[in-house]
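Read through the structure below, which is laid out as structure tokens, and then see the notes.
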Amino acid sequence: MSHFSYLMRLAAKSAWNRRFTLFLIVFSICLSTILLLGIERVRVQVKEGFTQSVSGVDLIVGARGNGLQLVLYTVFRMGGATNNMRYESAERLAENPMVAWTIPISLGDSHRNFPVLATNRHYFEHFRYGSGQPLRFKTGEPFSDVFDVVIGDDVARALGYTIGSRIVLSHGSGGISLTEHADKPFVVTGILERTGTPVDRTLHIGLDGMQAIHLGWEGGTPVRGLQILPEQVKKFNLAPQSITAVMVGLKKRSQVFALQRELMQDKEEALMGVLPGVALDELWSMVNVGEKALFAVSCLVALAGLAGLASSILAGLGERRRELAILRSVGARPHEIVLLLLFEGMILLASGMLAGIALLNLAFALAGPLAERQWGIPLSAGWPGAGEWLLLGGIFVVGLFASLIPAVRAYRMSLSDGLTARM
């Protein structure tokens, strides 16, 4: 047996003899590892979930203006679009040979502060979120009539709506609307399963339904004395004149920049195509202050755990003076005493970190499906990624330095001090 292996065995036996005390140190390191790696993994996966609030959409096309504002409005229903685009342009876009499918979107109305999104049935066929998951119905089916509405899970829960509930939409969004489309109520035909995205807070109607409730309106207000009953709306042309934006899926993703250039050069209307992933990455960089604060707190907790490692070993030196002195008396050299304490610290570090990784993966395996169903965050168990390995390496290096403090203290202990009984 090599000298190195002997010291490692000796360190393991010494630690086992003080297992009840050292268990608290291992538990502290375990918690520090769970917190640090947990926050890092959640940060990465929340960012992925954030940037995948809409998935599989190659371009979001709208009237030329601020691209980030367009994505915020169409994906998160936040803010407002500066201008609408003509519906004719959306139809031309759908016929483009590079385009596989399109989802027209029209926003602007609301229901009790929940946004209303008008679209067509392509929305339920092609819209994806997260890692390419399709929309699923908890109950009911997509809209098929002018005054049908499909609601998200949050809307159903908050307002207590079920299949068959009648809903009156309000004109305008982002606040309290004083004008309601009370003469043309909608009927709930479907409730979507929870996605953890803005879909949950949205009411979905057909483009013809959005057009129908605004028949007899001019400049955002109803024309006095003109009333068009629900049974009369089908006599009118319900094709929209303009919409907010179009979500586009391409036959080949490599053609995205070619279509972008084509849109910028369109001579019939000033349009732009925004890559949603790029825009959402830009938005994330603006709102990630909270994640940095959490990461700083977890680093402080990890340092506190490692400080406990150093202080515990240091405090135990007083009890181990005679043990270390006996080792010196039978021929152990000072640097071997240092190595002994360093090996002991390494054992505690490795045990705590391995326990932390195992418990974190167990927690993610148990809570992952619930988190994805409730909040759309795909928390998955697995081997640490590159960023997590860096954090683990940082913990280990700092832990070794923490173990070095009592090791140096033991090195300075004299043989006579250890063998002399104190009164």
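Coordinate-derived values only; no laboratory data. Here the structure is a predicted model, which is why all the values come from computation and not from measurement. Positions of Cβ are generated from backbone atoms using ideal geometry, with glycine treated the same way; all protein chains shown enter the neighbour counts.
What lysines sit close enough to LYS251 to cross-link, taking a C-alpha to C-alpha distance under 17 Å and skipping anything fewer than 8 places away on the same chain?
List returned: none.
Assign unit charges at the C-beta atoms only (+1 for Lys and Arg, -1 for Asp and Glu), then state the dipole size of the stretch 59-274 relative to its Cα centre in Debye, rounded to the nearest 20.
Taking the Cα centre of the stretch 59-274 as origin, the dipole is about 460 debye.
Rank these for me by crowding, LEU275, LEU263, going from fewest to most other beta carbons within 10 Å.
Numbers: LEU275 17, LEU263 22.
Taking fewest neighbouring Cβ atoms as first place, the list is LEU275, LEU263.
Taking the alpha-carbon distance from LYS138 and a cut-off under 28 Å, which lysines remain once sequence neighbours fewer than 8 residues away in the same chain are dropped?
LYS47, LYS184
How much of the calculated P(r) for the stretch 59-274 lies past 22 Å, in percent of all Cα pairs?
Values: 11633 of 23220 pairs.
So the pairs more than 22 Å apart make up 50 percent of the total in the stretch 59-274.
Karplus couplings for the stretch 230-238 from phi (6.51 cos²θ - 1.76 cosθ + 1.60, θ = phi - 60°), rounded to Hz, Gly and Pro as x?
Values, residue by residue: x, 6, 9, 5, 6, 6, 9, 6, 9 Hz.
For ILE151, ILE228, what ranking results if the residue with the fewest other Cβ atoms within 10 Å of its Cβ goes first? Please list the in-between numbers first.
Details: ILE151 31, ILE228 18.
Listed from fewest to most nearby Cβ atoms, that is ILE228, ILE151.
Over the stretch 59-274, what is the relative contact order in whole percent, taking alpha-carbon pairs under 8 Å and six or more residues apart?
On the way: 424 pairs, mean separation 70.2, N = 216.
Computed over the stretch 59-274, the figure is 32 percent.
How would you rank CYS30, CYS299, going from fewest to most other Cβ atoms within 10 Å of each one's own Cβ? Each step should come with its number before you reach the end.
Numbers: CYS30 21, CYS299 18.
Result, fewest neighbours first: CYS299, CYS30.
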